[in-house]
Amino acid sequence: MSETREADLLSSVPDGLFVGGAWRPASEGKTFGVADPSTGETVKEIADASVADGVAALDAACSAADEWAATPARTRGEILRKAFDLLQERADDVALLMTIEMGKPLAESRGEVTYGGEFLRWFAEEAPRIQGRYGANPEGTGRIVVSQHPVGPCYLITPWNFPLAMATRKIAPALAAGCTVVLKPASLTPLTTLFVAQIFADAGLPDGVLNVVTTTSTGPVSEAILSDPRLRKVSFTGSTPVGQKLLAQAADGVLRTSMELGGNAPFVVFDDADLDKAVDGAIAAKFRNIGQACTAANRFIVHRSVVEEFTRRVTERVESFTTGRGTEDGVTIGPLIDDRAVAKASSLVTDAVERGATLRTGGEALDRPGTYFAATVLDDVQPGSEILREEIFGPVLAIVPFDDEDEAVRLANDTEYGLVSYVYTENLARGQRMIERLATGMMGLNMGVVSNAAAPFGGWKMSGLGREGGAEGIHEYLQTKYTLTPDPFA
Ligand code: NAD
């Protein structure tokens with residue numbers, strides 16, 4: 001990848017706030033730097049919004065709200081479809097930008113362009129399918145009309161780990177439903193979002209429908225927007241503690257909320273599993289995005305009779321990984337997002353080993369520029385280890401043995417989270433029992449990756465509220481109205 005190509009791409013990314021359809025600097029003239037985690041170097045300076053800028057973005061979203069809500073659903077869908085097409089045309093640029101600011105290997109960034117783009121296409125198709133119903137009341141004295149309406153201006157907050165998909169997964173259903181939005185991307189990875197905002201402008205989205213504020217004053221800017229009575233909804237993807245804070249803030253305005261929060265996914269391998277498939281699934285579920293996914297398998301719960309074979313095979317695979325900058329050919333593991341992420345992975349591994357786990361490979365930060373942590377396998381992880389309770393968010397595969405199905409279910413459900421679970425078994429009845437017994441919003445049965453724009457993504461328990469994608473996704477941005485009319489024949 002040539003340095004000139006990267007420099008040209010970075011200079012083509014807007015560096016302002018996107019408010020009311022125009023790019024503008026922050027009102028106080030402040031900027032902040034965005035770094036490449038593979039080197040730690042700043043690659044671009046962008047606008048750092050103040051509270052006043054956040055409110056100006058909400059002003060723009062409110063001004064555009066009525067007209068956008070009244071825009072025919074087909075037109076809204078066609079704009080989303082146009083944005084999908086433009087994203088495909090600019091796929092190489094978006095992928096490279098994500099790799100530069102977030103660190104994932106280029107092949108994975110391309111995969112995210114496909115996945116993230118699908119939300120634009122899916123909700124382009126869902127927009128014209130917003131439906132109500134009409135029918136007689138049981139007494140026959142009137143008619144019940146049920147209609148769906150946009151909830152109104154929305155505040156969307158996204159994390160750094162999937163800079164494109166977490167944005168399109170919110171923008172697309174909101175716009176399809178007829179809502180206008182203010183989007184605040186993570187300050188670690190805002191460039192992809194700014195690039196996507198320009199795609200929407202080029203797709204013909206009316207001014208003010210999508211507004212983007214980048215800021216390092218996240219708390220104050222968010223508080224001002226959330227406490228404004230014109231706002232009607234907040235949709236958040238990020239950590240559970242921040243989600244809890246936002247839910248408390250949303251209570252004052254009785255805002256609609258969607259919360260896609262943390263996970264602690266179990267990955268259960270039974271003795272009747274196809275081990276080739278289980279090992280492939282494990283590598284995908286654990287190491288995609290360098291382990292930094294809410295859906296990443298966190299606890300590998302493996303039947304005692306196959307645990308040694310499974311461990312040997314995953315260790316062999318992990319030792320064949322190539323670590324490096326995501327733009328380099330053949331790289332499978334990039335850097336973690338920052339120093340904090342490296343320190344966390346390191347402390348979880350140390351705690352697990354001190355409590356009796358065996359380190360099969362990896363286990364430490366790499367001595368090179370950038371924030372790299374070696375891909376790691378731990379087995380015989382002991383109960384009480386922090387790594388079984390906390391989201392690892394790094395390339396560490398932790399294995400716990402089990403003896404029977406009841407124990408597997410107990411271990412899998414022993415978490416405050418409930419986002420996704422993975423199960424490998426060739427026994428159909430056992431697979432069906434696991435569907436019924438696991439407390440989880442999503443499940444991969446002999447599948448290591450579940451995300452799909454056509455499916456309802458979301459969690460149980462502390463993993464969140466609401467669903468993104470699928471037929472359910474658009475309803476997060478719609479509210480129901482029931483009207484009683486007289487019997488027209490009376
Ligand atoms: P984070 O909670 O630190 O930040 C997420 C976003 O919230 C960022 O934009 C951040 O700037 C913003 N934020 C932080 N404090 C805020 C505040 N007080 N008010 C308003 N906004 C605030 O999470 P992160 O480190 O960016 O992302 C990793 C977390 O996200 C993990 O827990 C992961 O599981 C979760 N995640 C969940 C899903 C899902 O769909 N369930 C998807 C991706 C990531």
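Read-outs throughout are calculated quantities, based only on the coordinates presented, and are distinct from any laboratory measurement. This one's a predicted model, so the numbers in the text were calculated from it and none came from an experiment. Quick reminder, even Gly has a Cβ in these numbers, built from the backbone with ideal geometry, and neighbours come from all protein chains shown.
Return the whole-Å distance between the Cα centroid of segment 130-204 and the Cα centroid of segment 224-242.
14 Å
With a 10 Å radius around each residue's Cβ, average the other Cβ atoms per peptide and rank 152-158, 468-474, 234-240, highest first.
In decreasing order of mean packing, 152-158, 468-474, 234-240 become 152-158, 234-240, 468-474.
If you average the alpha carbon positions of segment 342-373 and of segment 107-122, how far apart do those two centres end up, in angstrom?
Comparing the Cα centres of segment 342-373 and segment 107-122, I get a distance of 31 Å.
Spin-label point model (7 Å from Cα, Cβ direction): what's the Leu275 to Thr4 distance in nm?
5.3 nm
Just to be sure I understand the model, the point goes 7 Å from the Cα along the line to the Cβ. What's the resulting Tyr482 to Thr31 distance in nm?
About 5.6 nm separates the two model spin labels.
Just to confirm the filter: which GluC sites (Glu not before Pro) across segment 1-89 are DSSP coil and have at most 14 other Cβ within 10 angstrom of their Cβ?
Here the GluC sites (Glu not before Pro) that fit, given the DSSP loop and packing criteria, are Glu28, Glu41.
Across the chain, how many lysine pairs, 8 or more apart or on two chains, come within less than 18 Å at their alpha-carbon atoms?
Total qualifying Lys-Lys pairs in the chain comes to 14.
Based on a Kirkwood Rh over C-alpha pairs, give the Stokes-Einstein translational diffusion coefficient of segment 164-212 at 25 °C and viscosity 0.890 mPa s in µm²/s.
224 µm²/s
For Ala365 and Glu328, what is the calculated FRET efficiency with R₀ set at 22 Å and r taken between the beta-carbons, to the nearest 0.05?
0.70
Write down the radius of gyration of segment 407-490 and its Dmax, each obtained from C-alpha positions, in Å.
18.5, 64
Which ³J(HN,Hα) values, rounded to whole Hz and listed in residue order, are derived for segment 213-227 from phi using the Karplus coefficients 6.51, -1.76 and 1.60 in 6.51 cos²θ - 1.76 cosθ + 1.60 with θ = phi - 60°, glycine and proline given as x?
10, 9, 7, 9, 8, 4, x, x, 5, 5, 4, 4, 5, 5, 8
Along each principal axis of its Cα atoms, how long is the chain end to end? Whole angstroms, biggest number first, please.
Here the Cα extents, ordered largest to smallest, are 73, 64, 39 Å.
Return the Rg/Rh value of segment 265-452, two decimal places, where both radii are evaluated on C-alpha atoms and Rh is the Kirkwood radius.
We get a ratio of 0.95 for segment 265-452.
What angle do you read, to the nearest 10 degrees and between 0 and 90, between the alpha-carbon axis of helix 165-177 and the longest principal axis of the chain?
30 degrees
Using a basic spin-label model with each label point 7 Å from the Cα along Cα→Cβ, how many nm lie between Trp23 and Thr39?
Going from the Trp23 label point to the Thr39 one covers 2.2 nm.
Would you mind putting 10-19, 429-438 in packing order, based on average other-beta-carbon counts within 10 Å, highest first?
10-19, 429-438
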